[in-house]
Amino acid sequence: MATMKAIVRERYGSPDVLQLKDVERPVLDDDSVLVRVRAAAINAYDWHMLRGSPYLVRMMAGLRKPKSSAMGMDMAGQVEAVGKNVTQFRVGDEVFGARHGALAEYVRGTDKSAFVPKPAGITFEQAAAVNMAGTTALQGLRDKGQIKPGQRVLIVGASGGVGTFAVQIAKAFGAHVTAVCSTRNVDQARSLGADEVIDYT
């Protein structure tokens, strides 16, 4: 059995329940892609999964203890191996996406859902930080908000993970963006393209 290093937890709690352990390395099948993780990102989702809070988290992750010890979701890396039915990726391709257990040396996914090609102009660290926050902003503005050019958009929390993507995405769609953030983040919001910035203090 091949092993790898991974950050895991056996129970809910604070960060001190996390451990670096040797675990079984994912096994490649005909339809999957094995990716060597080069960078992983932590976000609010991981914090909730670690603590098992709010309690609703436990309805899907395990009531008394986590069903899975794996931690992390957002990652970027390099394709290590591909199954014989995989056509979208080749060994050596740089990818990013979301896979449960991203705080590990390797993750397994499919070419249909888990990974997309990493743009050449960004680092693995930058790519790892995109998935959850970027997707949330995109879905909120494009899919739910049906954003159109010329609309006025107010982005509260414009300096957070989702907010920084939301400012840039709204501008890309041609909206007039008003960002709300704290004093220390006013310049950042402007640099991301906000037309107006409100300092909430």
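Numerical summary
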{"quantity": "Region 88-109 residues that are within 17 Å of GLY134 (Cα to Cα), paired with ones that are part of a strand (DSSP E or B) and aromatic (Phe, Trp, Tyr) (beta carbon under 6 Å, 6 or more apart)", "calculated": "VAL95/PHE115; GLY97/PHE115"}
{"quantity": "Per-region count, region 103-121, residues part of a loop (DSSP other than H, G, I, E, B) and more than 15 Å from the chain's Cα centre (by Cα)", "calculated": "6"}
{"quantity": "Residue in region 130-138 that is modelled with pLDDT of 95 or more and part of a loop (DSSP other than H, G, I, E, B) present", "calculated": "no"}
{"quantity": "Residue selected from region 179-201 under the condition within 25 Å of the chain's Cα centre (by Cα) and of a type in the set (S, T, N, Q), by the criterion surrounded by the fewest Cβ atoms within 10 Å (Cβ to Cβ)", "calculated": "SER191"}
{"quantity": "Members of region 78-102 that are on the phi < 0 side of the Ramachandran plot and either part of a strand (DSSP E or B) or surrounded by 22 or more Cβ atoms within 10 Å (Cβ to Cβ) (or both)", "calculated": "GLN78, VAL79, GLU80, ALA81, VAL82, GLU94, VAL95, PHE96, ALA98, ARG99, ALA102"}
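The values are calculated or read from the model by the stated rules, or taken from the named source; none is laboratory data. This one's a predicted model, so the numbers in the text were calculated from it and none came from an experiment. Cβ: placed from backbone, ideal geometry, glycine included. Neighbour counts: every protein chain shown.
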